[in-house]
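The values are calculated or read from the model by the stated rules, or taken from the named source; none is laboratory data. From a predicted model like this one, the values you see are computed outputs, not experimental measurements. Cβ atoms come from the backbone with ideal geometry, glycine included; neighbour counts cover every protein chain shown.
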Amino acid sequence: MTNKTVLILVAMKEELQDIQTEASPALYLKPFSVPVWELAKTPVRILAAQVGIGPINASSVLTTLLSECKIDAVLLLGLGGAIDDRLKIGDTCISTHVIQHDAVCSKSNGIEYMACGEAHLSLQPHQRPNIRLESSPEFSQELARYLRQHGHRVHEGTILSGSEFVGSHSKKLHLKQVFNDALMVDMEACAIAYLCNKAQIPFTIAKTVADTLSPSPSEEYLDFLKSSSKKALDIIHFWQEKI
C-alpha cells in the first residue's frame, strides 16, 4: 500500500500517547479543530486522530478528515464492553460486521431494527438495506493475524454500536440474545462504519475489552488504557511491515 494514506482513529487521548512518540506535532483541522498526527519515516502515510466519545463526535471528525484528505483505509481503535462471556479484560475484538443496535422502529407490536442511517418504513421488507455493515475482510483478517503473532488475545465477530453507554448487565444479556453472534458493544463504530461504507473506503474496528459480563472487579481493568495505547503502536508497526 505504498503512497497510500491510512487513517487511525481512537476515542480517548490516552490511546495516542505511544503513537505520539513516533509522530510529527499535531495539525489542527477546521471547523472542529481536530488534532491530527502524521507518522514519519514510512512509505505509507499514516494519520492518527482522536474522535472523542460517541457517534456524533466520531462522524463529525471523520467527515472533517475525509473532506481534507484522501483516505485509503480507516481503522477505529478504542474501548468497548463485552457481551460475550468468552471475552476478558484487555482482549481485542476485530469487527467482521457492525450493527447500530439502537437504530429501531418502534411499533405497537414491537420493534424492528433498521439499517444505520437508511430509510425503513417507506421501503418494502425486501428493499430494506442489510442492518449489518461489513468490515473489509482482508484488512480485518490480516490485522487479527498480526496481533495474535504479537501476543494479543483476538476475537473476530460482530460489534454492536450506538448512542447508548451500555453499562447494565441485563441490557448486555438482552443484546446478546437478540444478536447472538455479537461480541461487544461500543459507541463510535456505527458512525465510522456507515461513513466508510458510503465513501467506499475499506475499514475495520479493533476495540479493547474494558469491561466484561462478570460482575467481579479485576486488577487488569486499571491497565486497559495502557494496553490499548500499546496496541495502537503495534498497529502502526503492522502498517509499516505490510509494505
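Could you pull out the residue among Glu220, Glu138, Glu241 that is of a type in the set (D, E, K, R), modelled with pLDDT under 95 and under 16 Å from Gly80 (Cα atoms)?
Details: Glu138 fails: under 16 Å from Gly80 (Cα atoms); Glu241 fails: under 16 Å from Gly80 (Cα atoms).
Answer to the selection: Glu220.
Would you call Ser106 free of Cβ contacts under 8 Å to residues at least 12 places away in the same chain, hydroxyl-bearing (Ser, Thr, Tyr), at negative phi and assigned to a strand (DSSP E or B)?
Numbers: free of Cβ contacts under 8 Å to residues at least 12 places away in the same chain: yes; hydroxyl-bearing (Ser, Thr, Tyr): yes; at negative phi: yes; assigned to a strand (DSSP E or B): yes.
Criteria met by Ser106.
Inspect the range 124-133 for any residue being modelled with pLDDT of 90 or more, more than 16 Å from Leu160 (Cα to Cα) and part of a loop (DSSP other than H, G, I, E, B) and give the result as yes or no.
Checked against the condition, which is being modelled with pLDDT of 90 or more, more than 16 Å from Leu160 (Cα to Cα) and part of a loop (DSSP other than H, G, I, E, B), the range 124-133 yields no hits at all.
Kindly indicate whether any position in the range 177-188 is among the hydrophobic types (A, V, I, L, M, F, W, C), free of Cβ contacts under 8 Å to residues at least 60 places away in the same chain, in a loop (DSSP other than H, G, I, E, B) and within 17 Å of Asp84 (Cα to Cα).
no
Going through the range 80-101 one residue at a time, which ones are touching an Asp or Glu at 6+ places or on another chain (Cβ under 8 Å) and surrounded by fewer than 15 Cβ atoms within 10 Å (Cβ to Cβ)?
Across the range 80-101, the qualifying residue is only Lys88.
Criterion first (touching a Lys or Arg at 6+ places or on another chain (Cβ under 9 Å), farther than 11 Å from His101 by Cβ and buried (at least 21 other Cβ atoms within 10 Å of the Cβ)) does Leu183 satisfy it?
Yes; evaluated as a whole, the condition is true for this residue.
For residues that are within 20 Å of Leu7 (Cβ to Cβ), more than 11 Å from the chain's Cα centre (by Cα) and not β-branched (Val, Ile, Thr), tally how many sit in the range 67-95.
Qualifying residue count, the range 67-95: 6.
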